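Have a look at the structure below before the remarks.
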Amino acid sequence: MTVYIGVDFHARSQTISYLKTEVGEIQRLELHHGQPAEVRSFYQQFAGEQVVVGFESSGYAAWFEELLEELGCEIWIGHATAIRLFARRRQKNDRRDADLILDLLLRGDFPRIHRYSGASRAVLQQLRYRQRLVKMRTMIVNSLLFLAASRGVSLRTQLKSRRGLERLKQVALPAPLAGQRDELCQLLGELQTKIAQVERWLEAQAEADVRVQRLRTHYGIGPLTGLCLVVTLECPERFANPRKVTAYVGFDPVEDSSGQRQRMGSISKQGSRLLRFYLVEAGQIAIRKDPDLARVYQRVLARRGHAKAKVAVGRRLLVRAFIMLRDESDYAEFQRRGVAARSSR
């Protein structure tokens, strides 16, 4: 017997429509997350049976996914906008949404999206955590630079060094500002320690992954960029071509065409913001040693400016990384195949 469960998930509650194929009768239920024992009891009653649970993607559902994994349920996460397109009526409430999800599960039309493995989720969480710490560090450094500049002392990039911090501590400041400076310097030291710890963990993960080492043979791709590429794309074979990859990451242009008018706008930014950030940063290093990427950068720079040129190089770098992951080849092999293809043409 297979049990299909459609869940309209919210932060505080969930509305459920479920059906046992042996019985064939749809049943409905509402569970409140403030009573976790009841939530566990409901899903635990189907132990030993094949259970398929479908719900829309949500940022509040991490604990729910972990519970379903623990109980051995099969988790299907759907695209919220695509699910709504199947609605036959404009009326919308929790019960109708749960019924719609269950109906799509039974019909085989559920717009299922890719769900990352546990290992990939752990790496992505650490990458995002490091990014937040770096942003906090940048805010503190900018505050300290302003304190120094307000007293006629220009430190610029010296503040991250021990000598720069000592020079900052010698600047004469009024009592309130002096206390702020000391506290910010202490916070800066703590953040530096935490960032170093997270980076050591991420570098260990990168060293243990053959795919990351293969990507690192390309100019500009370091351990963090390579790790983010591997865990975000995860299974390169699920993409039919490079255009699908660029759309998945959000590097595809937004089109607004009608009739004889055709307009390609800015990139969609629908995918991973973190991966786009790493690729754009890595592209600035890659153009220093890769002549093909340098030509792309100069060509777009002359027509569209520096910002769009950086994005164009990041997109090219993403396509190259996808091909290297898909074909299990390093940078030298990628270049050899490119030269061979150009020669044959």
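The single condition among (1) part of a helix (DSSP H, G or I); (2) touching an Asp or Glu at 6+ places or on another chain (Cβ under 7 Å); (3) aromatic (F, W, Y) that F277 does not satisfy is (2). Just one of the numbered conditions (1) within 30 Å of L68 (Cα to Cα); (2) surrounded by 15 or more Cβ atoms within 10 Å (Cβ to Cβ) is not true of R128: (2).
Per-residue answers, yes or no, for (1) touching a residue at least 12 places away in the same chain (Cβ under 8 Å); (2) of a type outside the set (A, V, I, L, M):
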residue: L155; (1), (2): yes, no
residue: S161; (1), (2): no, yes
residue: P174; (1), (2): no, yes
residue: Q180; (1), (2): yes, yes
residue: C185; (1), (2): yes, yes
residue: E207; (1), (2): yes, yes
residue: V212; (1), (2): yes, no
residue: G220; (1), (2): yes, yes
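For the stretch 135-175, the set of residues classified as polar (S, T, N, Q), under 15 Å from G189 (Cα atoms) and touching a helix residue (DSSP H, G or I) at 6+ places or on another chain (Cβ under 9 Å) consists of S143, Q158, listed by residue number.
With respect to the stated conditions, V254 is open to solvent by 30 Å² or more (accessible area, probe 1.4 Å) and in contact with a Gly (Cβ under 6 Å, 6 or more places away or on another chain).
Any idea which of F64, F55 is in contact (Cβ under 8 Å) with a residue 40 or more places away in the chain and closer than 17 Å to G108 by Cα? Walk me through how you get there before you give the answer.
Working: F64 fails: closer than 17 Å to G108 by Cα.
None of the others qualify; the one that does is F55.
Out of S268, S272, one residue alone is farther than 22 Å from K135 by Cα, within 21 Å of the chain's Cα centre (by Cα) and open to solvent by less than 90 Å² (accessible area, probe 1.4 Å). It is S268.
Being among the charged types (D, E, K, R) and within 30 Å of R336 (Cβ to Cβ) holds for only one residue in R214, R163, R167, R200, and it is R214. Restricted to strands (runs of 3 or more DSSP E) entirely inside the stretch 1-114, those with at least 3 residues that are loosely packed, with under 15 Cβ neighbours inside 10 Å and either among the charged types (D, E, K, R) or out of contact with any Cys (no Cβ under 8 Å at 6 or more places or on another chain) (or both) are 26-32.
Out of the residues in the stretch 286-300 that are crowded, with 16+ Cβ neighbours inside 10 Å and closer than 22 Å to F334 by Cα, state the one that is nearest to the chain's Cα centre (by Cα). Working first, answer last.
We begin by selecting, within the stretch 286-300, every residue crowded, with 16+ Cβ neighbours inside 10 Å; these are 286-287, 290, 293, 296-297, 300.
Going one step further and asking which of them are closer than 22 Å to F334 by Cα, we end up with 286-287, 290, 293, 296-297.
On the way: A286: 22, I287: 24, D290: 27, L293: 24, V296: 26, Y297: 25 Å.
Going through the qualifying residues, I end up with A286.
Among residues of the stretch 283-311 that are of a type outside the set (K, R), those with a Cβ under 7 angstrom from a residue that is surrounded by fewer than 18 Cβ atoms within 10 Å (Cβ to Cβ), sequence gap 6+ or separate chain, pair up as I285/Y219; A286/Y219; I287/A294; D290/Y219; V300/K308; A309/L301. In the stretch 245-270, the residues that are modelled with pLDDT under 85 and of a type in the set (A, V, I, L, M, F, W, C) form Cβ pairs under 7 Å with partners that are part of a strand (DSSP E or B) and open to solvent by 80 Å² or more (accessible area, probe 1.4 Å), at six or more places apart or across chains, as follows: M264/E255. Taking the criterion of being within 19 Å of G179 (Cα to Cα) and either touching a Pro at 6+ places or on another chain (Cβ under 8 Å) or of a type in the set (F, W, Y) (or both), the only residue of the stretch 120-165 that qualifies is F146. The single condition among (1) open to solvent by less than 30 Å² (accessible area, probe 1.4 Å); (2) closer than 24 Å to L274 by Cα that R316 does not meet is (1).
Could you look through the stretch 187-197, keep only residues that are open to solvent by 10 Å² or more (accessible area, probe 1.4 Å) and touching a residue at least 24 places away in the same chain (Cβ under 8 Å), and pick out the one that is farthest from L144 (Cα to Cα)? Spell out how you get there, then give the answer.
Taking the stretch 187-197 first, the residues open to solvent by 10 Å² or more (accessible area, probe 1.4 Å) are 187, 189-194, 196-197.
Okay, now just the ones that are also touching a residue at least 24 places away in the same chain (Cβ under 8 Å), so 187, 191-192, 194.
Values: L187: 11, L191: 14, Q192: 15, K194: 19 Å.
By that ranking, first place goes to K194.
If the condition is being open to solvent by 90 Å² or more (accessible area, probe 1.4 Å) and of a type in the set (A, V, I, L, M), then the stretch 275-285 contributes no residue at all.
The values are calculated or read from the model by the stated rules, or taken from the named source; none is laboratory data. From a predicted model like this one, the values you see are computed outputs, not experimental measurements. Cβ sites come from the backbone with ideal geometry, for glycine too, and all protein chains shown count toward neighbours. Side chains included, ligands, DNA and RNA excluded: accessible areas come from the protein's heavy atoms. Shrake-Rupley method; radii C 1.70, N 1.55, O 1.52, S 1.80 Å.
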